[in-house]
Amino acid sequence: MRLSSTAFIFSTFISTTTSFLSPSLTHNTARSRFSLSPRNVLADDLSASSTEASSSASSTSSVGKPGTAVLDTPWEELGFEFRPTKSNLRITYKDGEWGEMELCEDPYISLHMGATALHYGQACFEGLKAFAHKDDSVHVFRPDQNAIRLQSSCERTLMPTLPHDLFLKAVNKVVKDNIGYVPPYGSGGALYLRPLLFGSGPRIGLQPADEYTFVLMVIPVGDYYKGGLNKPVNGVIITDYDRAAPRGVGNVKVAGNYAADMLPNMLSKGKGYPISLYLDAATQGLVEEFSTSNFVGIDSEKSLYVTPKSGSVLPSITNKSLMTIAKDEGLTVEERDIPIGEMESFDEVLAVGTAVVVTPVGSVTMLGEEDDGSGDKKYEFGSSEEVGPVTRKLYDRVRAIQFGEEEDKYGWNFKIE
């Protein structure tokens, strides 16, 4: 049977649906591509702040200087882990509308024991980063795209969408309040932003909550995998578990997707593989994605950049950015099914995402039944000791844009003001 539209379903439970779904977001089905003009959004949302900043110097001085917070670890040695900062930002949805933004120093949340996030998994999140530039200005990388993706996750799980202008204002406000925790230019680090939206109102029957909470936390971070781009990592193919089901929620960033990955991820790491690759659940014959990152295969001989096109794969903003850069570099970009055997034609493989940016993968292994490894099938990509030239070029270019070292001709950087 066909499901009715999100708005129609939700009107059954809540009479205030008119403010629940974002009017700027349009779609045909639950799996359609969401579209919005990002530059118009960015220009409109903070036009007042932009006009106040008459120059780069005055804007930076009014915001504050990055890298001035005192940490227990040098900026250059930060890993990807939680660290306390000055504040987080919260907004509550109640009585059919979003409330005011509030900066909070308390890292704890008081939550009703009947909250739908706890019982029915009504929770989704995002990940994005803020970078310090050489002039001490701070820029967030493509937050408009995170606003869009957060809205798609909310619609799929019947939660209120956060309007674009409110999302961007929240990003600006919390980064500005934590400006000292943005790693300084030259350290290689970034301020990681984790927006979280969840059902905080109590329901015992299966239905949407009457209250929702949006939290935006920030953390100074370094590389997700220690060493960053220094050396390719070895991965393993997961065959005993699936990441997402066809027509499920693999294409949205809901919390439960990551809970399902924890067991196979830990089992893989226990066997010496820091990264895991999932195949499609229906046939186990197509490459889908790594645990927390999109899969990219490079065929240098044919100048191809290939990435899976699947309704079960989360659309990565980093992957989307790299596809644009790859085209600039003369590569042909293909979004399509990737049979597992085609991995033999790739001389470079990348795991790409906001947290990892780009992680080179030296090999992925499909483990056999034999304990001695005689039945293993190993796919190797170029040198196991050196980063491939295409991987290096793509990584260097996206990082140069993020750190303001290359012209932002795509309009991806959002300046904090």
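Computed quantities for the displayed model
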item: Residue list for segment 232-252, restricted to those being among the small types (Gly, Ala, Ser) and part of a loop (DSSP other than H, G, I, E, B); result: 244, 245, 248, 250
item: Hits in segment 262-286 (condition: closer than 24 Å to residue 308 by Cα, among the small types (Gly, Ala, Ser) and loosely packed, with under 14 Cβ neighbours inside 10 Å); result: 282, 285
item: Residue list for segment 177-203, filter: open to solvent by 20 Å² or more (accessible area, probe 1.4 Å) and in a strand (DSSP E or B); result: 194, 196, 202
item: Residue list for segment 98-120, restricted to those being in contact (Cβ under 8 Å) with a residue 24 or more places away in the chain and over 22 Å from residue 254 (Cα atoms); result: 101, 103
item: Options 310, 300: the member that is open to solvent by 30 Å² or more (accessible area, probe 1.4 Å) and more than 18 Å from residue 239 (Cβ to Cβ); result: 300
item: Filter result (touching a strand residue (DSSP E or B) at 6+ places or on another chain (Cβ under 8 Å), assigned to a strand (DSSP E or B) and either open to solvent by less than 100 Å² (accessible area, probe 1.4 Å) or not basic (Lys, Arg) (or both)) within segment 71-111; result: 88, 89, 90, 91, 92, 93, 98, 102, 103, 104
item: Test result for residue 369, in a loop (DSSP other than H, G, I, E, B), in contact with a Pro (Cβ under 9 Å, 6 or more places away or on another chain) and closer than 22 Å to residue 268 by Cβ; result: no
item: Filter pass, residue 332 being without any contact (Cβ under 8 Å) to a residue 12 or more places away in the chain and surrounded by fewer than 18 Cβ atoms within 10 Å (Cβ to Cβ); result: no
item: Residues (in a loop (DSSP other than H, G, I, E, B) and either open to solvent by 40 Å² or more (accessible area, probe 1.4 Å) or within 20 Å of residue 272 (Cα to Cα) (or both)) located in segment 355-366; result: 356
item: Considering residues of segment 226-237 that are surrounded by 16 or more Cβ atoms within 10 Å (Cβ to Cβ) and among the small types (Gly, Ala, Ser) only, the residue farthest from the chain's Cα centre (by Cα); result: 235
item: Residue within segment 298-316 that is in contact with a Leu (Cβ under 6 Å, 6 or more places away or on another chain) and closer than 26 Å to residue 260 by Cβ present; result: no
item: Residue 383 being hydroxyl-bearing (Ser, Thr, Tyr), closer than 29 Å to residue 272 by Cβ and either open to solvent by 100 Å² or more (accessible area, probe 1.4 Å) or without any contact (Cβ under 8 Å) to a residue 12 or more places away in the chain (or both); result: no
item: Enumerated strands (runs of 3 or more DSSP E) restricted to segment 253-354, each holding at least 2 residues that are among the aliphatic types (A, V, I, L, M) and either over 21 Å from residue 153 (Cβ atoms) or at pLDDT 95 or above (or both); result: 275-279, 294-299, 304-308, 348-353
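Results for (1) polar (S, T, N, Q); (2) closer than 30 Å to residue 67 by Cα; (3) surrounded by 21 or more Cβ atoms within 10 Å (Cβ to Cβ), shown as yes or no for each residue.
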residue: 211; (1), (2), (3): no, no, no
residue: 221; (1), (2), (3): no, yes, no
residue: 239; (1), (2), (3): yes, no, no
residue: 248; (1), (2), (3): no, no, no
residue: 252; (1), (2), (3): no, no, yes
residue: 258; (1), (2), (3): no, no, no
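The values are calculated or read from the model by the stated rules, or taken from the named source; none is laboratory data. These numbers were taken from a predicted model, which means no experiment stands behind them. Methodologically, a virtual Cβ is constructed for each residue, glycine included, from the backbone with ideal geometry; neighbour enumeration extends over all protein chains shown. The protein model used for the area step is the full one, side chains on, heavy atoms only, and it has no ligands, DNA or RNA in it. Shrake-Rupley method; radii C 1.70, N 1.55, O 1.52, S 1.80 Å.
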